[in-house]
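The values are calculated or read from the model by the stated rules, or taken from the named source; none is laboratory data. Every value quoted in this text rests on a predicted model; they were computed, and no experiment measured them. FYI the Cβ positions are ideal-geometry reconstructions off the backbone, even for glycines, and counts take in every protein chain you see. Calculation scope for accessible area: heavy atoms of the full protein, side chains included, ligands and nucleic acids excluded. Shrake-Rupley method; radii C 1.70, N 1.55, O 1.52, S 1.80 Å.
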Amino acid sequence: MKIGILGGGQLGRMLIQEALKYDDEFYTLDPASDAPCHNISYFTKGSFNDYETVLAFGKDKDVVTIEIEHVNADALAKLENQGIKVVPNSNIIKTIQQKILQKQFYKAHDIPSPEFEVMDGSSDEINMPLPFVQKMNTGGYDGKGVQVIRTAEDMKNLWVEDSVIEKLVDIDKELSVIVARNENGETRTFPVTEMVADPKLNLLDFNICPVLLSEDIEAQIDAITEKFLNAIQSPGLFAIELFLDKEGKVWVNETAPRLHNSGHQSQEGNANSQFEQMYRVVKNLPLADTDAIIYSGMLNLVGAEGYSGKVVYEGMEEVLKLPETYIHLYGKTETKPGRKMGHINVLAESREELMEKLVMVKGMVRVIAKR
């Protein structure tokens, strides 16, 4: 089968790496000639945002999928009309890639998400009391396109463009749940993970699984996933990012219609990884067992502050000596501050041991550049 992927980044790379044990041809489209997928797929350099480029790329594929949501959904809709299978479908991609439509989708389907209002270019119309969160309608990812407005003084930093103004949640924990659905309507849900963010970069620092949650919180998350899977009417793999507030209420922050950073620990920590699951969704195969088999965690390898250029990984040899510790590099040759260059997965017998190992490994390795 000819499988086309819009985007040639690390998510596509890890999907292809997992799927190489099967018999398919993988084609990727990315604007960067040295994208992580360029040397492990049939690679096309081009914009996944350009209508004609996406149309030309997808016309001879059996199925087209994505590893980034900021793609030309109109071109995907045209491909669907021409009989090409698109996973997830163009309609849900278009809904999720626009924060305004995404929030309206949650409201329409009674999926709990923080109270919001739409701002279409003028701060005069904002009724939400301070503090609040502003999310740009399109283009945001990895913390970009999101800011907290806490004071009247902060209002001068408001982006005057289409955006969602959202009530600030008093967050106790940030959680993620990855769900999958194939064309036959079969669904599977990965165990919930907890995301611990780097407050400076607003990037995921650690991801840990499983999470000890009360029956009530688990029931809230189960209800959210069921409503979401019933509402999407599309095959796909989706990462639903959640807030648990300090009163024990679960809210949907946002959803990614693709593989996600919060599922990387599943490579070694679960019976099957999110990448195996995504492959099965794309092929409409029976979905994989997702059970956690041990405590697992992930830490991102990001470019250190003050370093740009050819990447050097300090401390890797020491990390390689550690048991139940797994390095995954993304094939990016150039580093810059805050750029995701890889991740390390760690296994442990308890949450306490896992956190100790993650903190230790984080202190052992640095992503710098050649002088």
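Scan region 20-32 for residues that are aliphatic (A, V, I, L, M) and either closer than 18 Å to residue 87 by Cα or crowded, with 20+ Cβ neighbours inside 10 Å (or both) and report the count. Number of matching residues: 1.
Does residue 82 satisfy being more than 26 Å from residue 231 (Cβ to Cβ), out of contact with any Ser or Thr (no Cβ under 8 Å at 6 or more places or on another chain), at pLDDT 95 or above and surrounded by 21 or more Cβ atoms within 10 Å (Cβ to Cβ)? So residue 82 fails the test. Restricting attention to region 270-315 and to residues that are part of a loop (DSSP other than H, G, I, E, B) and of a type in the set (D, E, K, R), the residue that is nearest to residue 350 (Cα to Cα) turns out to be 291.
Quick check on my filter: what residues within region 320-366 are in a helix (DSSP H, G or I), open to solvent by 40 Å² or more (accessible area, probe 1.4 Å) and touching a residue at least 40 places away in the same chain (Cβ under 8 Å)? Passing the criteria: 351, 353, 355, 362, 364. Taking the criterion of being touching a residue at least 24 places away in the same chain (Cβ under 8 Å), open to solvent by 50 Å² or more (accessible area, probe 1.4 Å) and either farther than 22 Å from residue 276 by Cβ or not charged (D, E, K, R) (or both), the residues of region 289-319 that qualify are 293, 295, 305, 306, 308, 310, 313, 314, 318.
Is at least one residue of region 249-264 farther than 23 Å from residue 358 by Cα, over 17 Å from the mean Cα position of the chain (by Cα), modelled with pLDDT of 95 or more and outside any strand (DSSP E or B)? Yes, because at least one residue in region 249-264 is farther than 23 Å from residue 358 by Cα, over 17 Å from the mean Cα position of the chain (by Cα), modelled with pLDDT of 95 or more and outside any strand (DSSP E or B). Pairs linking a residue in region 44-58 that is more than 7 Å from residue 29 (Cβ to Cβ) and small (Gly, Ala, Ser) to a residue that is in a helix (DSSP H, G or I) and open to solvent by 70 Å² or more (accessible area, probe 1.4 Å), with Cβ atoms under 9 Å and 6 or more positions apart or on different chains, are 58/78. Among the residues of region 59-77, those that are surrounded by fewer than 18 Cβ atoms within 10 Å (Cβ to Cβ) and either more than 15 Å from residue 48 (Cα to Cα) or in contact (Cβ under 8 Å) with a residue 24 or more places away in the chain (or both) comprise 59, 60, 62, 70.
Among the residues of region 139-187, those identified as open to solvent by 40 Å² or more (accessible area, probe 1.4 Å), closer than 21 Å to residue 257 by Cα and modelled with pLDDT under 90 are 139, 141, 142, 144. Regarding residue 280, is this residue in contact with a Leu (Cβ under 9 Å, 6 or more places away or on another chain) and open to solvent by 40 Å² or more (accessible area, probe 1.4 Å)? Criteria met by residue 280. Does residue 107 satisfy being open to solvent by 30 Å² or more (accessible area, probe 1.4 Å), part of a helix (DSSP H, G or I) and over 30 Å from residue 53 (Cα atoms)? Yes; evaluated as a whole, the condition is true for this residue.
Determine whether region 9-19 contains at least one residue that is open to solvent by less than 40 Å² (accessible area, probe 1.4 Å) and part of a strand (DSSP E or B). No, region 9-19 contains no residue that is open to solvent by less than 40 Å² (accessible area, probe 1.4 Å) and part of a strand (DSSP E or B).
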